[in-house]
Amino acid sequence: MDMYENDYPLRVDLVYADEKHPENIFETALYKKEARLWLHKEFAEIVLLAAKIVHERWDGILVLKDGLRTVEAQQAMQNTEIVKAHPEWCAEGPDRLLSPPGGGGHPRGMAVDVTITDQNGIEWDMGTAFDHLTTDPQKNPASRLYTDFPDNILENREKLQTAFMEAAKQYGKEILPLPAEWWDFRFPANYSGKYEAVSDRNLPPEMRMTH
C-alpha cells in the first residue's frame, strides 16, 4: 500500500515491523524490517476510497497500521510473552481478540488496522491507542459500543467508520467494523473464509512478511 502514498491521502506505518515502535505492544518485530503492508486487491480499493473520503470531508490522512499478517507472523504473535500472559485474548468466542495462525481476515489481506491524523501528522483522538486490548466488552474503551467519551471522540470514530462503510457500499461490498476494536475493518468471515490463508512459504521473497 505504500506505493499509493504519493497519489492518495494515506500513510503506511507498519507497527509490527519495529520492535521499538511505541505502539507495538508485543515488543517484538513480528515482521522483517523491510516488510511492506499488503492488502487483497478488492479490499485495497475500498481502503483507498475511504482515504479519499476522510481527506475530502474532514481534511484527514488515513494511516494504515497493519494489513496482511501471514500465518508465520500470526504464529510469532502467539509466541510473544504478552500473549502468553493473556490467554483470554485467544479464547474461543465472540469476544476473541487474536485469531489462531491462519484464522481471520489479516492472513488473507482482507483486514486493515487504521487511524486518522491531521495534515501535521497529529493523530485524531479516538479515546484509546491502537491495539488497546481487553476482553471485557462492557468495560472496553476500544469497543465501538463504548460511549463514555466526550462528543469529539465519538464523532472521530463515527467519521472513520462512515468513510469505510460508504467506500464499501460504492464497491458493492459488505465490510465489517470489528466490534471490539475501533481501528479494525475487514471483509466478513463468510467472504474472506472462501480464500486460503497466506503463508510466507508461498510468497515471492519481496512479499514475505517474515524471514
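Starting from the stretch 150-211, pick out the GluC sites (Glu not before Pro) whose DSSP state is loop and whose Cβ has at most 14 other Cβ atoms within 10 Å.
On the way: sites: Glu155, Glu158, Glu166, Glu174, Glu181, Glu196, Glu206; in loops: Glu174, Glu181, Glu196.
Counting only loop positions with at most 14 other Cβ atoms within 10 Å, the GluC sites (Glu not before Pro) in the stretch 150-211 are Glu174, Glu196.
Which trypsin sites (Lys or Arg not before Pro) in the stretch 22-74 sit in a loop by DSSP (not H, G, I, E or B) and have at most 15 other Cβ atoms within 10 Å of their own Cβ? Could you put the intermediate results ahead of the total?
Working: sites: Lys32, Lys33, Arg36, Lys41, Lys52, Arg57, Lys65, Arg69; in loops: Lys32, Lys33, Arg36, Arg69.
Taking the stretch 22-74 and a limit of 15 other Cβ atoms within 10 Å, the loop trypsin sites (Lys or Arg not before Pro) found are Lys32, Lys33.
Greater than 28 Å separation of Cα atoms is the criterion. Which listed pairs, Lys52/Lys139; Lys84/Lys139; Lys33/Lys139; Lys33/Lys84; Lys41/Lys84, meet it?
Values: Lys52/Lys139 33 Å; Lys84/Lys139 22 Å; Lys33/Lys139 35 Å; Lys33/Lys84 24 Å; Lys41/Lys84 34 Å.
Violating the 28 Å Cα-Cα cut-off are Lys52/Lys139; Lys33/Lys139; Lys41/Lys84.
Let me know the shape class of the stretch 1-92, please: from the alpha-carbon gyration tensor, a ≥ b ≥ c as square roots of the eigenvalues, rounded when a/c is under 1.5, otherwise prolate if a/b is greater than b/c, or oblate. Mind showing how you got there, number by number?
Details: a/c = 2.13, a/b = 2.04, b/c = 1.04.
Because a/c hits 1.5 or more and a/b exceeds b/c, the stretch 1-92 counts as prolate.
Which distance in nm do the two modelled labels at Met3 and Trp58 give, with both placed 7 Å along the Cα-to-Cβ direction?
Roughly 2.9 nm, to one decimal.
Longest segment of the chain with no chymotrypsin sites (Phe, Trp or Tyr not before Pro) in a DSSP loop having at most 14 other Cβ atoms within 10 Å?
Values: sites that count: Tyr171, Tyr195.
Result, exposed sites excluded: 1-170.
Which trypsin sites (Lys or Arg not before Pro) does the stretch 152-211 hold that lie in a coil by DSSP with at most 10 other beta carbons within 10 Å? Write down the numbers at each step before the final one.
On the way: sites: Arg157, Lys159, Lys169, Lys173, Arg186, Lys194, Arg201, Arg208; in loops: Lys173, Lys194, Arg208.
The qualifying sites are Lys194.
For the pair Lys32 and Lys84, how long in nm is the line joining their label points, each one 7 Å along Cα→Cβ?
2.5
With contacts defined as alpha carbon pairs under 8 Å and 6 or more residues apart, what's the relative contact order of the stretch 2-198 in percent?
Across the stretch 2-198, relative contact order equals 22 percent.
Enter the per residue convex hull volume of the chain, computed from alpha-carbon coordinates, in Å³ rounded to the nearest integer. Numbers along the way, then the final one.
On the way: hull volume 25.3 nm³, N = 211.
In the chain, the Cα convex hull volume per residue is 120 Å³.
Bear in mind that the values in this text are calculations on the coordinates, not laboratory data. Note that the coordinates shown come from a computational prediction; the quantities given were computed from them, not determined experimentally. Please note: Cβ atoms are built from the backbone with ideal geometry, for glycine as well, and neighbour counts cover all protein chains shown.
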